[in-house]
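Below: one structure, written as structure tokens.
The values are calculated or read from the model by the stated rules, or taken from the named source; none is laboratory data. As the structure is a computational prediction, the values presented were derived from the model and not from experiment. Glycine gets a Cβ as well: all are built from the backbone with ideal geometry, and neighbour counts include every protein chain shown.
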Amino acid sequence: MRRILVVDDDPHVGVAIRAWLKRYGFGVSIADGGGNGLAALGRGNFDLMIDDIFMPNMHGFESIRIFHNRAPAVPLIAISGQAFSSLEASGPDFADMAVSLGATRCLRKPFRPATLLRLIDECLSEAGLHRKCVATPLAAAANALPEPQRRMKSVSGLREDAFTA
């Protein structure tokens, strides 16, 4: 069973992600902030981490950097309810910042569970942690969107789809 650490200050987000991922055979631990996420990382091994970027106390950028330093081989998906880039040319690009600190992918909230599953599948495949028994349900869920929606997403380049490292 693949283990995933979800770090988000919003308990509803963590519980929703855990409920969805457990349906697909993942073990999920939830931490309500960067400090508790670091403690969880110190207590156990994880195959993937999901980290909110904007949290009180230890911000997600700081936790991404620390998580990456402590477990550089573990893929990390940065999530945020805020836009990853500013519409102004001079504004910060949070996706680039997250990737430069160690995030493997970025995903904007709210997101579809199938989109998260697809990113998890990609991250685990790239990290060599993917198992055939996990690939089938993940691929099925990721492909569950009707073809016109998938085509529209790839053409429109919505930020909900992934930013890759």
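Points worth noting:
- Restricting segment 94-120 to residues that are under 18 Å from residue 46 (Cβ atoms) and under 11 Å from the mean Cα position of the chain (by Cα), the residue that is modelled with the lowest pLDDT: 107
- Top-ranked residue in segment 60-75 [being surrounded by 15 or more Cβ atoms within 10 Å (Cβ to Cβ) and not in a helix (DSSP H, G or I); ranked as modelled with the lowest pLDDT]: 71
- Segment 24-45: number of residues that are in contact (Cβ under 8 Å) with a residue 40 or more places away in the chain and either touching a helix residue (DSSP H, G or I) at 6+ places or on another chain (Cβ under 7 Å) or within 10 Å of residue 6 (Cα to Cα) (or both): 2
- Positions within segment 13-31 being buried (at least 16 other Cβ atoms within 10 Å of the Cβ) and either of a type in the set (Lys, Arg) or assigned to a loop (DSSP other than H, G, I, E, B) (or both), in sequence order: 18, 24, 26
- Counted residues, segment 35-59 - those being over 25 Å from residue 121 (Cβ atoms) and at pLDDT 90 or above: 6
- Residue within segment 78-90 that is under 19 Å from residue 124 (Cβ atoms), buried (at least 20 other Cβ atoms within 10 Å of the Cβ) and either of a type in the set (A, V, I, L, M) or at pLDDT 90 or above (or both) present: yes
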